[in-house]
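Report on one structure; see the data block that follows.
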Amino acid sequence: MMIQRMEEAQRLTYRLREPFLTTPEVSLYKALTEMVGDRYVILPKVSLNDLFYIIRPNENVHFFNKIFRKHVDFLLCDPSTFTPQFGVEIVRPMSKHGVREPDKFMDELFSSAGLPLVHIPSSETYAMSDIIALFQLAMTKFGGTLVERSDRRKESVPQCPVCGKMMVLRIYRNGPRSGEEYYGCMDSPRCAGVVAIG
Ligand SMILES: [Zn+2]
């Protein structure tokens, strides 16, 4: 009796947060897992402070405060080296005023550090094709700012934004873009990854 009461008194004031992941986070985790298979490891809630460091920290204290105690919803890493490949953020609806604008700071942070950030609207269910399209959008935006046009002349081919494999130059055979070139995943049609050339 006495011992029990002592244990009660010594219990620290920490409790488990429930749930650890929200329903939309769990749904997206499952959809991402299905999409990437074993090509990436998916880590939920990665602290920005663990993911990025700040150059010249003494001059840039203000920038430390911006990432301190914040996290990215999911981080996709190479399974053998754990090198980060993609950040994934759920775009949560605001209470009354519809969908919130994606966080501009997060966009700038990821693009400065050279990591594509994919924005996925919060939902209870996710269609694979929508997620793939959002990954492609993030890669296109990212490639648009980082890949020099001269790189293309060196025949540098992008990696598939979906599975990370090599891409091959293809030509649309029909439809409105018939005759236009694009990069398609070498694993097509098993993988739907494409990157526009433009
Ligand atoms: Zn692919």
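Readers should treat all values here as calculations from the given coordinates under stated rules, not as data from a laboratory. Keep in mind that this is a model prediction, so the values were computed, not measured. Cβ: placed from backbone, ideal geometry, glycine included. Neighbour counts: every protein chain shown.
Brief remarks on what is shown
- Pairwise label distance in nanometres, residue 157 with residue 107, each label 7 Å out on the Cα-Cβ vector: 3.2
- The fewest-to-most ranking of 71, 62 by surrounding Cβ atoms within 10 Å reads 62, 71.
- Relative packing of peptides 33-44, 168-179 - highest average C-beta neighbours within 10 Å first: 33-44, 168-179
- Derived scalar couplings ³J(HN,Hα) [the range 74-84; Karplus, 6.51 cos²θ - 1.76 cosθ + 1.60; whole Hz; x for Gly, Pro]: 9, 10, 9, 10, 4, x, 8, 10, 6, 5, x
- Near residue 70, the amide H atoms lying under 5 Å from its own belong to 48, 49; only residues 5 or more places off or on other chains count, and H is placed 1.01 Å from N.
- Counted over all Cα-Cα pairs of the range 16-146, pairs farther apart than 26 Å make up 23 percent.
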